[in-house]
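The values are calculated or read from the model by the stated rules, or taken from the named source; none is laboratory data. Because the structure is predicted, anything quoted here is derived from the model rather than measured. Ideal geometry is used to build each Cβ from the backbone, glycine not excepted, and the neighbour counts take in all protein chains shown.
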């Protein structure tokens, strides 16, 4: 009995999935088939007796009737599976295998969920993650509560808030102000906990790799800590060591952050407007890259090649995904060098600030590879009064067209050319569908006039805020790489203020940008660009006369034809074929349905069984086929809707 039931269920599962034509989940198919098999067995005897089937009944009619009964069971399975696919699609439910294998992680994630929801509840934020918007959701109080909640939630959420603080194009000003205050104060891990991780990451034992290493860290960050060390040849180095549990904690938190973003985007209008899932995915990619120290070593080399500022020399042969060994720079971070800066005269400080700004602008505009997190702790004032950069986990990259558009924007602002500035903005960002070009030109012109006569100290922040306000009001979305430039320049503004409180970042940036633009438009630069374009176009130009001759010959003898296909793209043809197939199946199913209903209403005809004539039997058969075709069409529609 049990074996027979199992065989029935397996056959039903296979036939149901094959007839639907879409990859419905095995779990739901098994459950539906088990239930349907139990129901069918409970009614089987009653149906057989009502049809008058006995041991004396002819074999062929009995087989045909039983086949139709099995078909009705399958049709019912298909209807239930189609309804389930419409209400709860297969792709939205985890598979049984993933549930079993992911149970330990789900338990840990559940505990973390409870902690995060308690933090949201404690800070009064749970009301803002529902579908009904609150009127005060943009108030400073909510912004302060969000900052407190992110701080309580841990390192990953603090870093996410720091990333959001650079997106003034997405968040209101009170949130930008509060999230900019986020910082992660963490205690260093004891040496006994980090030593095994260091030993595992090195090819040789620690005692053979380093002549000495300080067990007390020089500094501790959110995911790493820094130890001073000395190589066997006497070279002073520093060891950046990732905390042992940092990767595991960050991975778990990123998973929760992604799920929260999905809930916000699906359940709230402001979450959809913000693009919560896209922000979470972009942040996860950048954080995973930041946790891979081989990427940071490559970033150090790239920035060193793109700048004349000092960059520590890494030791790739001693570094790995979780450890970086690099040159030790003698000096202090700007955040701790107030006494050294105070001892300098104003001219020296101005020269240092100009050197830092010029170096960063050259990274951005000339090479397209730049340090994207230049807060005072990442800029070192060396003992010989030079500047060095640290922490290359966050590095931005710009392609040549974006760099050219940025330079032309600065050049246009310097020349008070609102038309050129507007064109540069359109080159930098995707054009909104309802953009009014003339109105944008007027707003950009007003902005340039407002800041055309220079800036008061610190006025550059207002310039950035006003520019982003214009961008947001006209419906632009700032690309992530461009947001990294704004973030870099915005953070750099505060760092430069420490070096030279009287500096005007925008005035200097405009001046340096104008110099870069003029160098791009100079005789040598234009000549090189023309040579490059000619070399690119030369193969096409060499074939152009022959092609023109062929076209004119065809025009002359009347043989010129133009082939235009309405569905040239393969995806368009596939879509049309799918629609045609579904339409054909729908028409066939409708015909079978009406035919079956017609036959069911007919009386008379040859008798297959004592209580069943041929016409109702054929009607039920046609209805069974109609239900299969209808379920197949609907399942295909519901399954394709997820794309």
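Observations on the structure shown:
- Condition broken by residue 339, with the remaining ones in (1) in contact (Cβ under 8 Å) with a residue 24 or more places away in the chain; (2) in the same structural domain as residue 496 (by TED's automatic domain parsing) satisfied: (1)
- Against the test of being in a helix (DSSP H, G or I), surrounded by 18 or more Cβ atoms within 10 Å (Cβ to Cβ) and out of contact with any helix residue (DSSP H, G or I) (no Cβ under 9 Å at 6 or more places or on another chain), the options 280, 304, 351 yield a single qualifying residue, 304.
- Number of the condition not met by residue 622 [criteria: (1) within 20 Å of residue 70 (Cα to Cα); (2) in a loop (DSSP other than H, G, I, E, B)]: (2)
- Filtered by the rule that a residue be part of a helix (DSSP H, G or I), touching a residue at least 60 places away in the same chain (Cβ under 8 Å) and surrounded by fewer than 17 Cβ atoms within 10 Å (Cβ to Cβ), segment 630-643 gives a lone residue, 640.
- For segment 357-382, the candidate set comprises residues that are farther than 28 Å from residue 291 by Cβ and modelled with pLDDT of 90 or more; within that set, the residue that is surrounded by the most Cβ atoms within 10 Å (Cβ to Cβ) is 381.
- Residue match in segment 422-443 (condition: more than 21 Å from the chain's Cα centre (by Cα), modelled with pLDDT under 75, farther than 23 Å from residue 306 by Cβ and not assigned by TED's automatic domain parsing to the domain that holds residue 177): no
Residues are listed down the side, and each one gets a yes or a no for (1) free of Cβ contacts under 8 Å to residues at least 60 places away in the same chain; (2) touching a helix residue (DSSP H, G or I) at 6+ places or on another chain (Cβ under 6 Å):
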{"site": "579", "(1), (2)": "yes, no"}
{"site": "583", "(1), (2)": "yes, no"}
{"site": "601", "(1), (2)": "yes, no"}
{"site": "610", "(1), (2)": "no, no"}
{"site": "613", "(1), (2)": "yes, no"}
{"site": "619", "(1), (2)": "yes, yes"}
{"site": "624", "(1), (2)": "no, yes"}
{"site": "628", "(1), (2)": "no, yes"}
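- Check on residue 388, modelled with pLDDT of 85 or more and touching a strand residue (DSSP E or B) at 6+ places or on another chain (Cβ under 7 Å): yes
So that you can scan it fast, the table gives a plain yes or no per residue for (1) at pLDDT 80 or above; (2) closer than 23 Å to residue 194 by Cα:
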residue: 221; (1), (2): no, yes
residue: 225; (1), (2): yes, yes
residue: 238; (1), (2): yes, yes
residue: 244; (1), (2): yes, yes
residue: 249; (1), (2): yes, yes
residue: 252; (1), (2): yes, yes
residue: 262; (1), (2): yes, no
residue: 287; (1), (2): yes, yes
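- Test for residue 593: is it closer than 22 Å to residue 76 by Cα and either free of Cβ contacts under 8 Å to residues at least 60 places away in the same chain or touching a strand residue (DSSP E or B) at 6+ places or on another chain (Cβ under 7 Å) (or both): yes
- Among (1) in contact (Cβ under 8 Å) with a residue 60 or more places away in the chain; (2) in a strand (DSSP E or B) - the single one residue 365 does not satisfy: (2)
- Selection status of residue 571, more than 22 Å from residue 73 (Cβ to Cβ) and either modelled with pLDDT of 80 or more or touching a helix residue (DSSP H, G or I) at 6+ places or on another chain (Cβ under 6 Å) (or both): no
- Residue satisfying all of: in segment 462-512; surrounded by fewer than 18 Cβ atoms within 10 Å (Cβ to Cβ) and either in a loop (DSSP other than H, G, I, E, B) or not assigned by TED's automatic domain parsing to the domain that holds residue 358 (or both); modelled with the lowest pLDDT among these: 477
- Some residue of segment 518-536 being within 30 Å of residue 345 (Cβ to Cβ) and either at pLDDT 80 or above or part of a helix (DSSP H, G or I) (or both): no
- Flag: residue 397 does not match the condition of being at pLDDT below 85, assigned by TED's automatic domain parsing to the domain that holds residue 448, surrounded by fewer than 17 Cβ atoms within 10 Å (Cβ to Cβ) and within 30 Å of residue 437 (Cβ to Cβ).
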